[in-house]
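Reviewing the structure listed below.
The values are calculated or read from the model by the stated rules, or taken from the named source; none is laboratory data. Since the model is a prediction, treat every value here as computed from it, not as a measurement. All Cβ positions, glycine included, derive from the backbone under ideal geometry; neighbour counts span all protein chains shown.
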Amino acid sequence: MTIIENPEIQANLIPILKTVSDPEIPVLSVLDLGVIREAVEKNGIVHIKLTPTYSGCPAMDVIGDDLKTAFSEIGKKTEVKLVLSPAWSTDWISEEGLKKMEKYGIARPLSESHDKDVLLGNKKMVKCPQCGSTNTHLVSQFGSTACKALFKCDDCQEPFDYFKCLK
């Protein structure tokens, strides 16, 4: 189920939510990323429940402020609440978001078991977002952010981030 189908998000709020980007991956909206758990308007106030991609993610403060700004531009007051349970999962990233991520140059997350294999260097399964080859290797388990690992393609020689599977 994609986040836009979530009945806890009022349809009239979706166009504004689509304008708010993840500051770490600006091609992804908060809807693409799947961090919006609820967005409803009650008594003239937009109430948003936001789940961080991981506990302590520094982007959540920026996203909260960006949500308030986006809704204030159309004259709406907004309250943002962080919700830690259930924990966010890479399964919550929309298919459209995964495609945008790859086009931006970040390899999409694999399944949980495959993720462990590639992060331990046991298998070559991470697809290079530049050329599509799986002839890639792990450079570092930590990439540009804590939720990414750094890989390099052995065919096109390009380095790239891989978005780790989080469950």
Output for region 71-90, where each listed residue is over 10 Å from the mean Cα position of the chain (by Cα) and under 23 Å from Gly56 (Cα atoms): Thr78, Glu79, Val80, Lys81, Leu82, Val83, Leu84, Ser85, Pro86, Ala87
Residue count, region 123-141 (criterion: among the charged types (D, E, K, R) and touching a Ser or Thr at 6+ places or on another chain (Cβ under 6 Å)): 2
Residue tally, condition free of Cβ contacts under 8 Å to residues at least 40 places away in the same chain and not charged (D, E, K, R), over region 145-167: 6
Hits in region 138-162 - residues which are on the phi < 0 side of the Ramachandran plot and assigned to a loop (DSSP other than H, G, I, E, B): Gln141, Phe142, Gly143, Ser144, Thr145, Ala146, Cys147, Asp154, Asp155, Cys156, Glu158
Within region 66-99, considering residues that are surrounded by 14 or more Cβ atoms within 10 Å (Cβ to Cβ) and of a type in the set (S, T, N, Q), the one nearest to Ser111 (Cα to Cα): Thr90
Candidates Cys153, Cys147 - the one that is out of contact with any helix residue (DSSP H, G or I) (no Cβ under 8 Å at 6 or more places or on another chain) and modelled with pLDDT under 90: Cys147
Count - residues of region 1-16 that are at pLDDT 95 or above and touching a strand residue (DSSP E or B) at 6+ places or on another chain (Cβ under 6 Å): 1
Top-ranked residue of region 88-137 - restricted to ones that are in contact (Cβ under 8 Å) with a residue 60 or more places away in the chain and assigned to a loop (DSSP other than H, G, I, E, B), ranked as farthest from Glu158 (Cα to Cα): Trp88
Matching residues, region 52-75, being among the polar types (S, T, N, Q) and part of a helix (DSSP H, G or I): Thr69, Ser72
Filtered residues of region 100-114 (kept if modelled with pLDDT of 95 or more and surrounded by fewer than 13 Cβ atoms within 10 Å (Cβ to Cβ)): Lys103
Meets criteria (among the hydrophobic types (A, V, I, L, M, F, W, C), outside any loop (DSSP other than H, G, I, E, B) and touching a Pro at 6+ places or on another chain (Cβ under 7 Å)) for Val46: no
Hits in region 4-25 - residues which are closer than 23 Å to Ile106 by Cα and without any contact (Cβ under 8 Å) to a residue 60 or more places away in the chain: Leu17, Lys18, Thr19, Val20, Ser21, Asp22, Pro23
